[in-house]
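*Asks:* Have a look at this one.
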């Protein structure tokens, strides 16, 4: 186990180094000069040069990589070029909102999608199964930004039942939750459909496994067989998908945060890209990458908990 | 004599989109308390359907349309689903074929066993989980799980195959049911484990007086274990009687043929009996007697009327030949007069004494080790890299025109050795010589030319043929690979004829072939380039007895015709007796004994050979009590971590202190052609000498 964690830790460092390198290269590859983009068309060459050197753009990319690593070792993400404030202040003020959005969406997907799949698998070819198939397949095909726009139009614009923009009044939890409802549903819809299909398929498969036949021959009740013995097996592939899923939800959150003007990592990175604020983009993407790796790691740990056959420390057996 | 289960006129149908198929037709048989009833027949005969029907666990499209299942007088078919559920596992238990997949992989043994007990809580009230756990542990101890109390929390994958089957048996019997249905419980296991499990089943029957319905296709096991035999063919009980009666004087032509097609040392020099045609599919069952199209005795009545069950000395048979108005040949003459008994050409004994120049294959201190892949990071942080010694120093010679069988339990390294001889696996050290030419370091390009002369018949007949190619494309592929021009149509016909297939098969795809046909195509493909050496990996695995008999006959004929050299990799010791000239026994990557087949069977010098040979189930119930069987304890250790000294010492009954330290060398016994690697081979030799005289 410990060996596995150490291995994963090294892998994480390696991936993050690659991300930093790629992001630093990006500045040199993408056309257009960030300094003139920030300063606008009327900036003097001298001023542009000053900003360029403040952003380390006049130095080779490996200098930027080294600088960023050094900063990280000091627990800092660097300083924002526009406001002169530490970048971490921006990042950590919006990060919780994105996390809450992603986790709420994921929970919705799990709480709605999995029961849908279980019901379909235990009632195969019934009319409800067919209905669920239609619902879940159409859900899978709706991109989150389309769902977001429709929800916004229906519930905020037409019905006025839920707020459209922002986070709600500061310190008001109820209001915060009201503002969370539409974005999280929009983000969850694809995953509800996807999970329902996935769970249906894998549970149906498991119900045909020889060990389920064994359970039946032992006279166990159908409920115990389905919800205890079969479901735990069927959830294993689902967990693997969810690990990657949380990462892709963060990506999806960018659109949702733009549509609902909701402060978060997505909006932060989006705004930074628009003004070519590369240090900010770099830090934002780095944090998202790190979270992605972290969720995958957690998924792997849950995996071993569900399936005892998977040994994390293979070499030590 | 208390009747436990009485199956009366049972009729089972499967509803498919196209038609309603009759899977079981008018089945009648009875199981008495404490009896083991063998249900035998080839695959597709409806054996497992009967088992599912008794449990009332038929698939949704299966229906019991008629008949009764009287369990201690109560008709199971009249019970509600909930009442039936309480019979399952409580009164009637079942064990299945594959212990690897029949236990739930994500729950520990305790959870599964305790739930199986508590599922019937309403009957044995006030049973707590810890009481149930005690009950489970005592049953596990009883089936031979060492230190069950501390292992019960383990998961299925932490047990070996044999242990898992023991756990299955413990789970099935912990509630002390009156009837146990065993559906091919040993066909996925090695012969030594098979002997252990059948022995265990018999002991438990003696102790608990459980009645057992034992479903199998292996006549050897039936002869070892059963009191009564029910022979099944195409959904019909064709014969039903006491074990000795059925084996000594089989009545039904099918039973006669089945018994004669079983390879054993009795029919060493004769051809095995094959049954023409194949088991009919449920979609087009013949009218009248279901066996008529394959029966040589069949008269016109057999094709028109269904036979009725006839009683001959309380031994039931379903055949027109026993009716009073039968005009044809007597059933007893079936196969006795037919030309199936042709002896093959007498083998010249010189073949075994050929000079060194005629070696086709020779290996010198051959080693094949596999390393675990631990990756770059693993190395960086100093993980230990495991080493599997699949083949660990083997010297073997195969002479021109002989058949050498490589035997041993799974994990003994026999398949790796076979693959390495063909250079499909690269040896770690040592040499392989083919016709005197060293091929260990030959370049890939030169190996290609050599491979024309050496071919392999792969284990899984269907999956080793590309599903996207027709039979004729498959047969011509070897010529394409080696860029040899041939007259395609003629060649395909020629090859198909050689393996006994009609030219109609040429345009079929592999999935349209039966197991036996696919195996024949595999053989034809290997034969295409006229090799001199053939390596056959489990050539009869997964085939029914009568089909396997056809394959074995074919292999023998081909050898006589083309002077092929065979290396047979198998764990089926019955076929060795029939086809192999010499046997090489492997254990944990090492050769432990090699010698002529008959000598090895009658006078084994190595304790492992001795145990292997005695574990073979022989289809003769009269030998059951006469033969003293040597039970091997435990299972083959992991080749990652082989025992010190003699690798066999932990399971050996002759073990002494010397064996734990010094690995024995392969030595010839009194300068004969028999070599064994055992410190006490002289002593074992003398003992078996005494036993045999």
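*Asks:* Report yes if residue B:651 is assigned by TED's automatic domain parsing to the domain that holds residue B:568 and over 30 Å from residue B:145 (Cβ atoms), otherwise no. Talk me through it step by step, then tell me what you get.
*Replies:* On the way: assigned by TED's automatic domain parsing to the domain that holds residue B:568: yes; over 30 Å from residue B:145 (Cβ atoms): no.
In short, no.
*Asks:* Now, a different point. Hey, among A:215, A:202, which residue is facing another protein chain (nearest Cβ under 8 Å) and part of a helix (DSSP H, G or I)?
*Replies:* Numbers: A:202 fails: facing another protein chain (nearest Cβ under 8 Å).
When all the criteria are applied, what remains is A:215.
*Asks:* To continue, here is another question. Check region B:42-51 and report whether any residue there is closer than 30 Å to residue B:230 by Cα, facing chain A (nearest Cβ under 9 Å) and under 30 Å from the mean Cα position of the chain (by Cα).
*Replies:* Pass one, region B:42-51, residues closer than 30 Å to residue B:230 by Cα: B:42-51.
Now drop any that are not facing chain A (nearest Cβ under 9 Å), which leaves none.
No, there is no match, as no residue in region B:42-51 is closer than 30 Å to residue B:230 by Cα, facing chain A (nearest Cβ under 9 Å) and under 30 Å from the mean Cα position of the chain (by Cα).
Every residue, every condition in (1) more than 14 Å from chain B (Cβ to nearest Cβ); (2) surrounded by 15 or more Cβ atoms within 10 Å (Cβ to Cβ); (3) touching a strand residue (DSSP E or B) at 6+ places or on another chain (Cβ under 9 Å); (4) part of a helix (DSSP H, G or I), yes or no:
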position	(1), (2), (3), (4)
A:8	no, yes, no, yes
A:13	no, no, no, yes
A:72	yes, yes, no, yes
A:81	yes, yes, no, no
A:88	yes, yes, no, yes
A:97	yes, yes, no, yes
A:104	yes, yes, no, yes
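Quick grid of which residues meet (1) at pLDDT 65 or above; (2) touching a helix residue (DSSP H, G or I) at 6+ places or on another chain (Cβ under 8 Å); (3) surrounded by 17 or more Cβ atoms within 10 Å (Cβ to Cβ); (4) on the phi > 0 side of the Ramachandran plot:
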| site | (1), (2), (3), (4) |
| --- | --- |
| B:346 | no, no, no, no |
| B:354 | no, no, no, no |
| B:357 | no, no, no, no |
| B:365 | yes, no, no, yes |
| B:401 | yes, yes, yes, yes |
| B:432 | yes, yes, yes, no |
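*Asks:* For region B:143-162, how many residues are part of a helix (DSSP H, G or I), buried (at least 16 other Cβ atoms within 10 Å of the Cβ) and free of Cβ contacts under 8 Å to residues at least 40 places away in the same chain?
*Replies:* Qualifying residue count for the region: 1.
*Asks:* Whether any residue in region A:156-166 is surrounded by 13 or more Cβ atoms within 10 Å (Cβ to Cβ), at pLDDT below 90 and part of a helix (DSSP H, G or I) is what I want to check.
*Replies:* Looking for residues that are surrounded by 13 or more Cβ atoms within 10 Å (Cβ to Cβ), at pLDDT below 90 and part of a helix (DSSP H, G or I), one finds at least one in region A:156-166, hence yes.
*Asks:* Are any of the residues in region B:128-142 in contact with a helix residue (DSSP H, G or I) (Cβ under 9 Å, 6 or more places away or on another chain), surrounded by 18 or more Cβ atoms within 10 Å (Cβ to Cβ), more than 14 Å from chain A (Cβ to nearest Cβ) and at positive phi?
*Replies:* Checked against the condition, which is being in contact with a helix residue (DSSP H, G or I) (Cβ under 9 Å, 6 or more places away or on another chain), surrounded by 18 or more Cβ atoms within 10 Å (Cβ to Cβ), more than 14 Å from chain A (Cβ to nearest Cβ) and at positive phi, region B:128-142 yields no hits at all.
*Asks:* Of all residues in region B:226-246, count the ones that are over 14 Å from residue B:28 (Cα atoms), surrounded by fewer than 24 Cβ atoms within 10 Å (Cβ to Cβ) and in contact with a helix residue (DSSP H, G or I) (Cβ under 8 Å, 6 or more places away or on another chain).
*Replies:* Keep residues of region B:226-246 that are over 14 Å from residue B:28 (Cα atoms), which gives B:226-227, B:234, B:242-246.
Imposing the further condition that a residue be surrounded by fewer than 24 Cβ atoms within 10 Å (Cβ to Cβ) reduces the set to B:227, B:242-245.
Still in the running and in contact with a helix residue (DSSP H, G or I) (Cβ under 8 Å, 6 or more places away or on another chain): B:227, B:243.
Matching residues across region B:226-246 total 2.
*Asks:* While we're here: Answer with yes or no whether residue A:18 is within 15 Å of residue A:69 (Cβ to Cβ), within 14 Å of chain B (Cβ to nearest Cβ) and free of Cβ contacts under 8 Å to residues at least 12 places away in the same chain.
*Replies:* Values: within 15 Å of residue A:69 (Cβ to Cβ): yes; within 14 Å of chain B (Cβ to nearest Cβ): no; free of Cβ contacts under 8 Å to residues at least 12 places away in the same chain: yes.
No.
*Asks:* Out of curiosity, is residue B:190 touching a residue at least 60 places away in the same chain (Cβ under 8 Å) and either closer than 27 Å to residue B:11 by Cβ or within 22 Å of the chain's Cα centre (by Cα) (or both)?
*Replies:* yes
*Asks:* Tally up the residues in region A:226-252 that are surrounded by 23 or more Cβ atoms within 10 Å (Cβ to Cβ) and without any contact (Cβ under 8 Å) to a residue 24 or more places away in the chain, please.
*Replies:* Here the count works out to 1.
*Asks:* Which of the numbered conditions does residue A:131 fail, given that it passes all the others? Conditions: (1) free of Cβ contacts under 8 Å to residues at least 12 places away in the same chain; (2) crowded, with 19+ Cβ neighbours inside 10 Å.
*Replies:* Among (1) free of Cβ contacts under 8 Å to residues at least 12 places away in the same chain; (2) crowded, with 19+ Cβ neighbours inside 10 Å, the lone unmet condition for residue A:131 is (2).
*Asks:* From the list B:593, B:538, which one is closer than 23 Å to residue B:419 by Cβ, at pLDDT 85 or above, within 21 Å of the chain's Cα centre (by Cα) and not assigned by TED's automatic domain parsing to the domain that holds residue B:262? It would help to see each step written out before you state the result.
*Replies:* On the way: B:593 fails: within 21 Å of the chain's Cα centre (by Cα).
Answer to the check: B:538.
*Asks:* If you check B:94, B:100, B:84, B:113, which single one turns out to be within 11 Å of chain A (Cβ to nearest Cβ) and assigned to a strand (DSSP E or B)?
*Replies:* Values: B:100 fails: assigned to a strand (DSSP E or B); B:84 fails: assigned to a strand (DSSP E or B); B:113 fails: assigned to a strand (DSSP E or B).
Exactly one of B:94, B:100, B:84, B:113 is within 11 Å of chain A (Cβ to nearest Cβ) and assigned to a strand (DSSP E or B), namely B:94.
*Asks:* Looking at region B:32-63, which of the residues that are in contact with a helix residue (DSSP H, G or I) (Cβ under 6 Å, 6 or more places away or on another chain) and under 24 Å from residue B:291 (Cβ atoms) is surrounded by the most Cβ atoms within 10 Å (Cβ to Cβ)?
*Replies:* Among those residues, the one meeting the criterion is B:39.
*Asks:* So which of A:258, A:302 is surrounded by fewer than 17 Cβ atoms within 10 Å (Cβ to Cβ) and either in a loop (DSSP other than H, G, I, E, B) or at pLDDT below 85 (or both)?
*Replies:* Values: A:258 fails: either in a loop (DSSP other than H, G, I, E, B) or at pLDDT below 85 (or both).
Matching residue, one of A:258, A:302: A:302.
*Asks:* Condition (residue is over 25 Å from residue B:40 (Cα atoms) and part of a helix (DSSP H, G or I)) applied to region B:534-549: is it met by at least one residue?
*Replies:* First pass over region B:534-549, keeping only residues over 25 Å from residue B:40 (Cα atoms): B:534-537.
Remaining after also requiring part of a helix (DSSP H, G or I): none.
No; the residues of region B:534-549 include none that is over 25 Å from residue B:40 (Cα atoms) and part of a helix (DSSP H, G or I).
*Asks:* Just one of the numbered conditions (1) within 14 Å of chain B (Cβ to nearest Cβ); (2) modelled with pLDDT under 80; (3) in contact with a helix residue (DSSP H, G or I) (Cβ under 7 Å, 6 or more places away or on another chain) is not true of residue A:2; which one?
*Replies:* Answer for residue A:2: the failing condition is (3).
*Asks:* Restricting attention to region B:591-626, report how many residues are surrounded by 23 or more Cβ atoms within 10 Å (Cβ to Cβ), assigned to a helix (DSSP H, G or I) and in contact with a strand residue (DSSP E or B) (Cβ under 6 Å, 6 or more places away or on another chain).
*Replies:* Here the count works out to 3.
*Asks:* Sticking with this structure for a sec: Please return the ranges of helices (runs of 4 or more DSSP H) entirely within region B:419-509 where 2 or more residues are within 28 Å of residue B:275 (Cβ to Cβ). Explain how you work it out, then say what you get.
*Replies:* Details: elements: B:444-451, B:471-481, B:488-498.
Counting at least 2 such residues, we get B:471-481, B:488-498.
*Asks:* Please enumerate the residues belonging to region B:627-643 that are more than 24 Å from the chain's Cα centre (by Cα) and either surrounded by fewer than 12 Cβ atoms within 10 Å (Cβ to Cβ) or not assigned by TED's automatic domain parsing to the domain that holds residue B:411 (or both).
*Replies:* The answer is B:641, and nothing else.
*Asks:* Looking at region A:167-199 only, could you name the residues that are free of Cβ contacts under 8 Å to residues at least 60 places away in the same chain and either under 19 Å from residue A:242 (Cα atoms) or in a helix (DSSP H, G or I) (or both)?
*Replies:* To start, the set of residues in region A:167-199 that are free of Cβ contacts under 8 Å to residues at least 60 places away in the same chain comprises A:168-178, A:181, A:189.
Of everything in region A:167-199, those that are free of Cβ contacts under 8 Å to residues at least 60 places away in the same chain and either under 19 Å from residue A:242 (Cα atoms) or in a helix (DSSP H, G or I) (or both) turn out to be A:173, A:174, A:175, A:176, A:177, A:178, A:181, A:189.
*Asks:* Identify the residue in region A:21-52 that is modelled with pLDDT under 80 and not in a helix (DSSP H, G or I) and, among all such residues, is farthest from the other protein chains (Cβ to nearest Cβ).
*Replies:* Here the answer is A:42.
The values are calculated or read from the model by the stated rules, or taken from the named source; none is laboratory data. These numbers were taken from a predicted model, which means no experiment stands behind them. Using ideal geometry, Cβ is built from the backbone for each residue, glycine included, and neighbour counts are taken over all protein chains shown.
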